[in-house]
């Protein structure tokens, strides 16, 4: 699990609203299938919570760093690169996972799955000059993720 740290809510109103809803109900706003990614801030050291579209296959999750097609990576991406241990909430399930960025054929497979789950990713990629990163969230060191 993550080290104990103070929680730093997002400065973005829609993110705070979605996080609060997810924590209260276990589901996303507007009927979307969303998971909650918890990281530790790379610079601040604060616990950060980010709603992400749920992209899962065989117990492995993908986190797509789209920022809705902006030309900058989302803040959570830097947090995960600096500290790849994360907690993921999927409904009532809490998982202690490790993140790693994928590339090549592995990225292509997961990108295709992500675009099937959430077709807006295709448009987001068209909007930006950067290649949108895809990270896999999996049990650390090949072990089953700690479930709480």
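Would you point out which residue out of 16, 43, 100, 109 is without any contact (Cβ under 8 Å) to a residue 40 or more places away in the chain and part of a strand (DSSP E or B)? Working first, answer last.
On the way: 16 fails: part of a strand (DSSP E or B); 43 fails: part of a strand (DSSP E or B); 109 fails: part of a strand (DSSP E or B).
From the options 16, 43, 100, 109, the qualifying one is 100.
If I ask for residues that are in a strand (DSSP E or B), crowded, with 20+ Cβ neighbours inside 10 Å and touching a helix residue (DSSP H, G or I) at 6+ places or on another chain (Cβ under 9 Å), which ones from the stretch 46-78 would you list?
Step one: list which residues in the stretch 46-78 are in a strand (DSSP E or B), which gives 47-53, 56-57, 60-64.
Going one step further and asking which of them are crowded, with 20+ Cβ neighbours inside 10 Å, we end up with 48-52, 61-64.
Across the stretch 46-78, the qualifying residues are 48, 49, 50, 51, 52, 62, 63, 64.
Among the residues of the stretch 8-29, is there at least one that is modelled with pLDDT of 90 or more, surrounded by fewer than 16 Cβ atoms within 10 Å (Cβ to Cβ), within 16 Å of the chain's Cα centre (by Cα) and more than 25 Å from residue 126 (Cα to Cα)? Break it down stepwise before answering.
Taking the stretch 8-29 as the starting set, the residues that turn out to be modelled with pLDDT of 90 or more are none.
Looking through the stretch 8-29, none of the residues is modelled with pLDDT of 90 or more, surrounded by fewer than 16 Cβ atoms within 10 Å (Cβ to Cβ), within 16 Å of the chain's Cα centre (by Cα) and more than 25 Å from residue 126 (Cα to Cα).
Go through the stretch 119-141 and report how many residues are within 20 Å of residue 88 (Cα to Cα) and either assigned to a helix (DSSP H, G or I) or within 13 Å of the chain's Cα centre (by Cα) (or both). Before the answer, list the steps.
Narrowing the stretch 119-141 to residues within 20 Å of residue 88 (Cα to Cα): 133-141.
Keeping just the survivors that are either assigned to a helix (DSSP H, G or I) or within 13 Å of the chain's Cα centre (by Cα) (or both) gives 133-138, 140-141.
Total satisfying the criteria: 8.
Here's the yes/no breakdown for (1) over 25 Å from residue 24 (Cα atoms); (2) over 11 Å from the mean Cα position of the chain (by Cα):
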| site | (1), (2) |
| --- | --- |
| 54 | no, no |
| 70 | yes, yes |
| 83 | yes, yes |
| 93 | no, yes |
| 99 | yes, no |
| 102 | yes, yes |
| 105 | yes, yes |
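Can you find a residue that is in contact (Cβ under 8 Å) with a residue 12 or more places away in the chain, closer than 20 Å to residue 127 by Cα and outside any strand (DSSP E or B) anywhere in the stretch 81-95?
Within the stretch 81-95 (the criterion being in contact (Cβ under 8 Å) with a residue 12 or more places away in the chain, closer than 20 Å to residue 127 by Cα and outside any strand (DSSP E or B)), the answer is no, since none of the residues qualifies.
Check the stretch 33-48 and report whether any residue there is under 10 Å from the mean Cα position of the chain (by Cα), under 20 Å from residue 122 (Cα atoms) and modelled with pLDDT under 95.
yes
The values are calculated or read from the model by the stated rules, or taken from the named source; none is laboratory data. As the structure is a prediction and not an experimental result, all values here were calculated from the model. Every residue, glycine among them, receives a Cβ derived from its backbone with ideal geometry; neighbour counts consider all protein chains shown.
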